[in-house]
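Student: Attaching a single structure in C-alpha cells format; questions to follow.
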Amino acid sequence: MKAAFWAAALAAVSCAPAQAQPQTDWSKVEIKTTDLGHGVYLLGWQGGDSLLLVGDDGVLLVDTSVAQMGEKIKAAAGKVSNKPIKLVINTHAHADHFGSNELMAKGGAIIVAHDGLRERLAKGQYLAAFNQTIPPSPAGALPAITYAEAMTLYFDGETIELFHPPNAHTDNDTLVHFKRANVIHASGTFGGDGNYPFFDSSSGGSLAGMIGAEEKMLSLADDKTWIIADEGEPAGTAALRATHDMLVTVRARVQKLIDDGKSEAEAVAAKPTKDLDAKWVHGAFLTGDVITRLAYQSLKGITPPATR
Ligand SMILES: [Zn+2]
C-alpha cells in the first residue's frame, strides 16, 4: 500500500495523534464533563475522550490524552472529586490516550494496560497509519500492571472488567466495562458520532477484530448501557449494534469482490458501500472509498510497513 494513502487517511480520524494535528491549539481545548451516573463521568474534548470513576477510594481515570491536556484533566477531575487520581487505565497505544501518563504517575497513580501497550510504549513505535514516529516513553510513563486477556479491578464499590479484543482498533486495545454504572469504554473499536470506525492495521488492528470487539461489547451490554467511543457523545447499544451490522455487511461485500478476483482499485471502483455512506460518512477522510480500502487490505492481510 502507498504510504501516501495512510498519511492522507490519518488527519481526521478521531484517534489522530497530536503530532498529526498541528492545527490543534491545545490551550484552547476545553473539557466537557458529563455525569453518566454511579460516580462515572465522561471527559470529552477533541479525540481521546476519558472516563473518571470517583468515590471514597479516590479517582480512577481511563486514558490520559496528550501531554498538553494533563493539567486540564486533573482540574476536571478536581471539580468532581477532591481525592487523588489513584488508578489509570490506558485503552490503547495511540498518542492521544497515554500522553499524560507520566504526570499522573508522578501524582501517585498506578497505570494499568494490556501487555502489548507497555511493550509499544517502552520500545517506541512507527505508525504508518499516522505517518508518525513515537519515541520510547520514559520509564515513569509505562504501565506498572499489565494483563494478557482479561483483568478485574475493584474500586469504590464498582467492578471494572478489562477485556483485550485481539487485533481490533490496534493490537493492544482494552475494553473497559464498569458493571454497576453500566458503561463500556470501547477503546477505538466503535466510531464516535455515527462514523465508520477506524482500525489501524499499522498497529495490528483488523476488520475482523473490530467486529469481534463489538460482539464482545454486545454480549456485555443491555438497552441501558452507555457505549463510549474515543470521541463524541455517549452512545447506546442500538448504535453499537448498527455499527457492528454495518461492518459485517462491508466485510461480506468486500470479501465477495476479493473472491471475484478484483484488485483493490477495482473493489473501490465498485463502490460496495454506496448505500451506506450517507449514514456513516460525517467527515472528509473516513469515506466509503477509505473504508473499502481498509477492509480490502485487512481481509487480504496487507499491512503497512513497520518502519518508515
Ligand atoms: Zn486510536
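The values are calculated or read from the model by the stated rules, or taken from the named source; none is laboratory data. On a predicted model such as this, the values are computed, not experimentally measured, just so you know. A quick note on method: Cβ atoms are made from the backbone with ideal geometry, for glycine too, and the neighbour counts reach across all protein chains shown.
Student: Please name all residue pairs, on different chains or six or more residues apart, with Cβ atoms under 6 Å, provided the first residue is in the range 196-207 and is among the acidic types (D, E) and the second residue is part of a loop (DSSP other than H, G, I, E, B) and surrounded by 24 or more Cβ atoms within 10 Å (Cβ to Cβ).
Tutor: Note: pairs meeting the criteria are D200/T170.
Student: Test T243 against the criterion of being at pLDDT 95 or above, closer than 24 Å to G44 by Cα and surrounded by 17 or more Cβ atoms within 10 Å (Cβ to Cβ), and give yes or no.
Tutor: Criteria met by T243.
Student: Run A67 past the list (1) buried (at least 24 other Cβ atoms within 10 Å of the Cβ); (2) within 22 Å of S203 (Cβ to Cβ) and report the number of the one that doesn't hold.
Tutor: The number of the failed condition is (1).
Student: For the range 113-131, what are the residues that are in a strand (DSSP E or B) and either closer than 19 Å to I31 by Cβ or at pLDDT 95 or above (or both)?
Tutor: Looking only at the range 113-131, we keep the residues that are in a strand (DSSP E or B), and these are 113-114, 125-127.
Those that are in a strand (DSSP E or B) and either closer than 19 Å to I31 by Cβ or at pLDDT 95 or above (or both): A113, H114.
Student: Could you pull out the residue among T249, T273 that is part of a loop (DSSP other than H, G, I, E, B) and at pLDDT 95 or above?
Tutor: T273
Student: Here is a further query. Picking from T237, T273, T243, T249, which residue would you name as being in contact with a strand residue (DSSP E or B) (Cβ under 7 Å, 6 or more places away or on another chain) and of a type outside the set (F, W, Y)?
Tutor: Sole residue among the options that is in contact with a strand residue (DSSP E or B) (Cβ under 7 Å, 6 or more places away or on another chain) and of a type outside the set (F, W, Y): T237.
Each row is one residue, and each column tells you yes or no for (1) more than 14 Å from the ligand (Cβ to nearest atom); (2) assigned to a loop (DSSP other than H, G, I, E, B); (3) of a type in the set (D, E); (4) closer than 23 Å to L43 by Cβ.
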site: I73; (1), (2), (3), (4): yes, no, no, yes
site: A95; (1), (2), (3), (4): no, yes, no, yes
site: F98; (1), (2), (3), (4): no, yes, no, yes
site: P143; (1), (2), (3), (4): yes, yes, no, yes
site: T146; (1), (2), (3), (4): yes, no, no, no
site: E161; (1), (2), (3), (4): yes, no, yes, yes
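Student: What are the residues in the range 100-112 that are out of contact with any Ser or Thr (no Cβ under 6 Å at 6 or more places or on another chain) and either within 16 Å of the ligand (Cβ to nearest atom) or assigned to a loop (DSSP other than H, G, I, E, B) (or both), if any?
Tutor: G107, G108, A109
Student: So S187 passes all but one of these: (1) touching a residue at least 60 places away in the same chain (Cβ under 8 Å); (2) within 13 Å of the ligand (Cβ to nearest atom); (3) on the phi < 0 side of the Ramachandran plot. Which condition number does it fail?
Tutor: The failed condition is (3).
Each row is one residue, and each column tells you yes or no for (1) outside any strand (DSSP E or B); (2) at pLDDT 70 or above.
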{"site": "W6", "(1), (2)": "yes, no"}
{"site": "A12", "(1), (2)": "yes, no"}
{"site": "Q19", "(1), (2)": "yes, no"}
{"site": "S27", "(1), (2)": "yes, yes"}
{"site": "E30", "(1), (2)": "yes, yes"}
{"site": "L43", "(1), (2)": "no, yes"}
{"site": "L52", "(1), (2)": "no, yes"}
